[in-house]
Amino acid sequence: MPHTVHMTMGQQEGRRSWAEPWKIKMVEPIRMISREERAAALAAGGYNTFLLRSEDVYIDLLTDSGTSAMSDRQWAGLMLGDEAYAGSRNFYHLEEAVQSYYGYKHLIPTHQGRGAEHLISQALIRPGTYIPGNMYFTTTRLHQELAGGTFVDVIIDEAHDPASQHPFKGNVDLDKLQALIDKVGADNIPYVSLAGTVNMAGGQPVSMANVKALRQLCDRYGIPIYLDATRMAENVYFIQEREEGYQHTPIAAILREFCDYTDGAWMSSKKDHLVNIGGWLAVNDPLVAEKARNMVVVYEGLHTYGGMAGRDMEALAIGIGESLQDDHMRARVGQVRYLGQLLMDWGIPIVQPVGGHAIFLDAKKIYEHLPQDLFPAQTLAAAIYLDSGVRTMERGIVSAGRDPETGDHRHPKLELVRVTIPRRVYTQAHMDVVAESIKAVYDERKSAMGLKMVYEPAYLRFFQARFEPIG
Ligand SMILES: *Cc1c(COP(=O)(O)O)cnc(C)c1O
């Protein structure tokens, strides 16, 4: 597919660098502990970066979830928290922000994204039905399975190929979706689960043309589309940059158009929205809203706070607006690309094109000699921590878990380490240190021996599994 990179709005205004549209007002000290201390911390944490103490981490690139720096306006918003149990003023601010930026009619706040995934899955999925989606996400698929559904991957093949340069590797393959409809019948498909950007594929976007075509196909069969909007701000930035006709459209307007093709969305505000906690479900169908509102009081809290404090909702309402400013997103993606370019210049295999929130190291390629059952990505994440105290995470066989039918490991095509960049937190010099450490580990790749799993939890095992080195 031909792909031209168009000038973004910022470039047209004559600004050449992706420099951040903010300056730093408050700092938080960090330090690197010694190599012996890092080795001890790694062993104590079972070679799982989720089990390290934050104090033992130098640069924390585990996740972009809840790790953003808030603005002075958001911090000021915390002081305006209306902590009334019911009908908090901050809820109405949040509702207005979601309605105006995303366009959905009914808002149900939740404590974070998976709370909303729980509500939508329970509200829509009948046992024995199928939920097609553009690649799985860990918590999303689990909630679909717990509701009795079966997730079916209908993403385009390019998404599973780390080297493919397709500009919209998050796209749904409409032929795969049609084949599923023909096989199981539209009545057995409660909704299409669409995510933008696609986390597990490397932060890859969905095009406007794709969601438009998806809407047409789904309309023919009366199948609703629900959106995982967790990183849609990044998705619409890529549309502005890459898709014909959007170069002069602000990302906020692109978002509204995209959401208008869907019936509702769930959101982990801990990502795009520049807050440390929060999420929501937003839908157009009043009956779905009513079901979700009935359930939210059981699992989260009253429907005007859903597990968040009033102050959290205020910071979130402000963060939504900040997250959808063009210059913010340009700096955000610019920083991720800066790190990616350093690694590519050194010939280190990463998922391309570089996505919105992270660099994904291709552990299968880096540790060619390690079979997937020796957990190459888990091994690589541990090696990077040992080298420099930089924390990353596994996105491969451990994250994929076991097939609920057979009980065997799922063997995903992608065996990756995610190097995730928190928003507005680290500087370009931090990215240089990270790149140098990854290079040092890459240079030693032949000596890696792999890991064996010695403890495996029942659900979402990547969070708490423990490992021991082989050899
Ligand atoms: C993080 C995430 C979720 C779940 O949200 P939480 O806030 O972590 O509960 C769902 N979907 C995607 C794509 C995510 O990245």
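Values quoted throughout were computed directly from the atomic coordinates according to the rules given, and no laboratory measurement underlies them. None of the values given here were measured: they were computed from a predicted structure. Note that we place each Cβ from the backbone using ideal geometry, even for glycine, and neighbour counts take in every protein chain shown.
Would you grab the residues whose amide H sits under 5 Å from the one on H111? Only those 5+ places off in sequence or on another chain, please, with H modelled 1.01 Å from N.
Hits under the 5 Å cutoff: none.
Based on DSSP, what percent of beta bridges with both residues in region 221-327 are antiparallel, to the nearest 5?
Working: 5 of 8 bridges.
Just about 60 percent of them are antiparallel.
Region 72-323: percent of C-alpha pairs farther apart than 23 Å? Can you show the working numbers first?
Details: 15105 of 31626 pairs.
Roughly 48 percent, once rounded to a whole number.
Among bridges DSSP assigns within the chain, what percent are antiparallel (round to 5)?
Working: 26 of 40 bridges.
Bridges in the chain that DSSP calls antiparallel: roughly 65 percent.
Show the residues, 5+ positions off or on another chain, whose built amide H is closer than 5 Å to the amide H of I131.
For I131, the qualifying residues are T150, F151, V152.
What's the exposure ranking of T230, T427, T420, T138, going from fewest to most Cβ atoms within 10 Å? All intermediate terms of the calculation are to be shown ahead of the outcome.
Details: T230 29, T427 11, T420 24, T138 19.
Listed from fewest to most nearby Cβ atoms, that is T427, T138, T420, T230.
When only C-alpha pairs under 8 Å and at least 6 residues apart count, what is the relative contact order of the chain, in percent?
Working: 982 pairs, mean separation 111.9, N = 471.
With pairs under 8 Å counted, the relative contact order is 24 percent.
Report the local net charge at D157: Lys and Arg +1, Asp and Glu -1, summed over other residues whose C-beta lies under 13 Å from its C-beta. Walk me through the numbers before you get to the answer.
On the way: positive: K169, K176, K413; negative: D153, E158, D161, D173, D175.
Counting the neighbours of D157, the net charge comes to -2.
May I ask which residue of Q178, V288, G133 lies farthest towards the positive end of the charge dipole of region 72-323, with charges of +1 (Lys, Arg) and -1 (Asp, Glu) on Cβ and the Cα centre as origin?
So the residue furthest toward the plus end is V288.
Placing unit charges on C-beta atoms (Lys and Arg positive, Asp and Glu negative, everything else neutral), compute the dipole magnitude of the chain about its Cα centre in debye, rounded to 20. Present the calculation step by step, with values, prior to reporting the outcome.
Numbers: 47 positive and 58 negative charges, 70 e Å.
Around 340 debye, computed over the chain.
Please order L214, L194 by the number of other Cβ within 10 Å, starting at the fewest. Before the final figure, lay out the partial values.
Details: L214 23, L194 27.
The fewest-first ordering by Cβ neighbours comes to L214, L194.
For region 72-323, give me the percentage of DSSP beta bridges that are antiparallel, rounded to the nearest 5 percent. Present the calculation step by step, with values, prior to reporting the outcome.
Working: 12 of 24 bridges.
Taking every DSSP beta bridge with both residues in region 72-323, the antiparallel ones total about 50 percent.
Rounded, prolate or oblate: pick one for region 54-129, where a ≥ b ≥ c are the square roots of the eigenvalues of its C-alpha gyration tensor, a/c under 1.5 means rounded, and failing that, prolate if a/b is larger than b/c, else oblate.
Details: a/c = 2.21, a/b = 1.15, b/c = 1.92.
Oblate shape, in that a/c is at least 1.5 and b/c is the bigger or equal ratio.
Got a sec? How would M267, M32 order by Cβ neighbour count within 10 Å, fewest to most?
Working: M267 30, M32 15.
Lowest to highest Cβ neighbour count: M32, M267.
Take peptides 364-372, 174-182 and line them up by average Cβ neighbours within 10 Å, highest first, as a rough protection proxy. Walk me through the numbers before you get to the answer.
Details: 364-372: 17.8, 174-182: 15.8.
Most protected by this proxy first, the peptides run 364-372, 174-182.
Hey, how much of the P(r) for the chain falls beyond 31 Å, as a percent of Cα pairs?
On the way: 45511 of 110685 pairs.
Within the chain, distances greater than 31 Å cover 41 percent of Cα pairs.
What is the ratio of the Cα radius of gyration of region 158-300 to 2.2 N^0.38 Å, with N the residue count, to two decimals?
Numbers: Rg = 15.8 Å, N = 143, 2.2 N^0.38 = 14.5 Å.
It is 1.09.
Ranked highest first by average number of other Cβ atoms within 10 Å, how do 337-345, 352-360, 278-286 line up? Before the final figure, lay out the partial values.
Working: 337-345: 17.8, 352-360: 25.6, 278-286: 24.0.
Highest-to-lowest ranking by the protection proxy: 352-360, 278-286, 337-345.
Quick check: net charge around R402, other residues with Cβ under 11 Å of its Cβ, Lys/Arg +1 and Asp/Glu -1?
On the way: positive: R410, R461; negative: D403, E405, D408, E456.
Once positives and negatives cancel, what remains is -2.
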